[in-house]
Amino acid sequence: MYYLNLIILIIFVVLSVVFLTLFERKVLGYIQYRSGPNSVGFIGMFQPFSDAIKLFSSEQMVPYMSNFLIYFFCPVFSFFVSLLTWLVFPFLVNMIDFNFGVLFFLCCTSLGVYGVMVSGWSSCSVYSLLGGLRAVAQTISYEVSLAMILLSFIFLISSYSFVDFYYFQCFSWFFFLAFPLAFSWGSSCLAETNRSPYDFAEGEFELVSGFNVEYSSSGFAYIFLAEYCSIIFMSLLYVIIFLGCDLNSYLFFFKISLICFFFIWVRGTLPRYRYDKLMYMCWKSYLPLSLNYFVFFLGFKCVIFFL
């Protein structure tokens, strides 16, 4: 039963990625006063499937000087790691229950750095190598901020399991208790998933794309799937940590869709941030904020313990 539920989870995650791309193109179209995809199927419903067929059936271009095996398997590794993080989904029945789900999530996000870095290096291209280096610096910096925010809530609920976030938010959301951390987490998620206005690892608005510039066909498709799978998972984590975790309610999935809309809305409205200001914002703003809340929650738990 566990394996069947896991397969169903992977299928629905991939389907949600497919329709998230359609949703993003529709929202960006209306932001830019155009209709977006509307030709393939009813209101463009089959456009993502058409794009997938086109990507996986087109010719795979391999750079002559690249390390072929590493170059070929890095996108698959990135997609596998992004799917692996979904094992921490807090199912209450008939699924694997991680008592150390927070630590497992941090380990998987740390592994995701290697896929981006090695894919940029294995292409043996200067542009892809520079894109990989930017991605590593950005991701490692914001992982520290995310880890400190999670550590603050770990001390508050005294558990590493995401299921306990559900029990502790039955009457009040953590969003109201620590709304500065909620905004910091949302901004850090944008930087962690390399989304606009922090998409320095890809630079999709420029002529050269970044670490994935040498990838085409199925390789680019796997990188694309990994990125959007991470977006949906970070939206899920935002809802679990700050907006309640009632899995038996349709409102839970509506909140996930709302956070995904936030990712798209930010991409369509905000200009790109400067790279040095992005790093300063992490180390001089978000990290001190998360450290202050960590000390606050630690002192709060100590006072409760002694009382």
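The values are calculated or read from the model by the stated rules, or taken from the named source; none is laboratory data. The structure displayed is predicted, hence computed values, not measured ones. A quick note on method: Cβ atoms are made from the backbone with ideal geometry, for glycine too, and the neighbour counts reach across all protein chains shown.
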For the range 176-195, give me the residue count where each residue is of a type outside the set (Gly, Ala, Ser) and crowded, with 18+ Cβ neighbours inside 10 Å.
8
Residues located in the range 8-42, provided they are over 17 Å from the mean Cα position of the chain (by Cα), touching a residue at least 40 places away in the same chain (Cβ under 8 Å) and buried (at least 17 other Cβ atoms within 10 Å of the Cβ):
VAL27
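Out of VAL163, VAL126, VAL213, which single residue is out of contact with any Ser or Thr (no Cβ under 9 Å at 6 or more places or on another chain), surrounded by 18 or more Cβ atoms within 10 Å (Cβ to Cβ) and β-branched (Val, Ile, Thr)? Steps first, answer last, please.
Numbers: VAL126 fails: surrounded by 18 or more Cβ atoms within 10 Å (Cβ to Cβ); VAL213 fails: out of contact with any Ser or Thr (no Cβ under 9 Å at 6 or more places or on another chain).
Criteria check complete, one pass: VAL163.
Being of a type in the set (Phe, Trp, Tyr) and exposed (fewer than 15 other Cβ atoms within 10 Å of the Cβ) is the filter; apply it to the range 266-296 and report the residue that is modelled with the lowest pLDDT.
Quick first cut of the range 266-296, residues of a type in the set (Phe, Trp, Tyr) only: 273, 275, 280, 283, 286, 293-294, 296.
Checking the rest, the ones that are also exposed (fewer than 15 other Cβ atoms within 10 Å of the Cβ) come to 275, 280, 283, 296.
Details: TYR275: 79, TYR280: 86, TRP283: 85, PHE296: 87.
Within the range 266-296, the match that is modelled with the lowest pLDDT is TYR275.
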What are the residues in the range 37-83 that are β-branched (Val, Ile, Thr), under 21 Å from VAL18 (Cβ atoms) and either in a helix (DSSP H, G or I) or in contact with a strand residue (DSSP E or B) (Cβ under 6 Å, 6 or more places away or on another chain) (or both), if any?
ILE43, ILE53, VAL76, VAL81
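Need a quick list: helices (runs of 4 or more DSSP H) entirely within the range 170-271 having at least 2 residues that are under 17 Å from the mean Cα position of the chain (by Cα).
Details: elements: 174-177, 179-192, 217-242, 250-269.
Fully inside the range 170-271 and qualifying: 179-192, 217-242, 250-269.
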Here are some conditions: (1) modelled with pLDDT of 85 or more; (2) over 28 Å from ILE7 (Cβ atoms). PHE42 meets all but one. Which one does it not meet?
(1)
So which pairs qualify, if the first residue must be in the range 153-175 and over 19 Å from PHE294 (Cβ atoms), the second must be of a type in the set (Phe, Trp, Tyr) and in a helix (DSSP H, G or I), the Cβ gap must be under 7 Å, and the two must be at least 6 apart or on different chains?
TRP173/PHE242
hydroxyl-bearing (Ser, Thr, Tyr), buried (at least 17 other Cβ atoms within 10 Å of the Cβ) and more than 25 Å from MET281 (Cβ to Cβ) - does that describe any residue in the range 54-63?
no
If you go through the range 75-91 one residue at a time, do you hit one that is in contact with a Gly (Cβ under 6 Å, 6 or more places away or on another chain), in contact (Cβ under 8 Å) with a residue 12 or more places away in the chain and more than 29 Å from ALA137 (Cα to Cα)?
no
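Of the residues in the range 43-74, how many are within 27 Å of VAL102 (Cβ to Cβ) and touching a Phe, Trp or Tyr at 6+ places or on another chain (Cβ under 8 Å)? Let's see the steps before the verdict.
Kept after step one, since they are within 27 Å of VAL102 (Cβ to Cβ), are these residues of the range 43-74: 74.
With touching a Phe, Trp or Tyr at 6+ places or on another chain (Cβ under 8 Å) added as a condition, the list becomes none.
Within the range 43-74, residues that are within 27 Å of VAL102 (Cβ to Cβ) and touching a Phe, Trp or Tyr at 6+ places or on another chain (Cβ under 8 Å) number 0.
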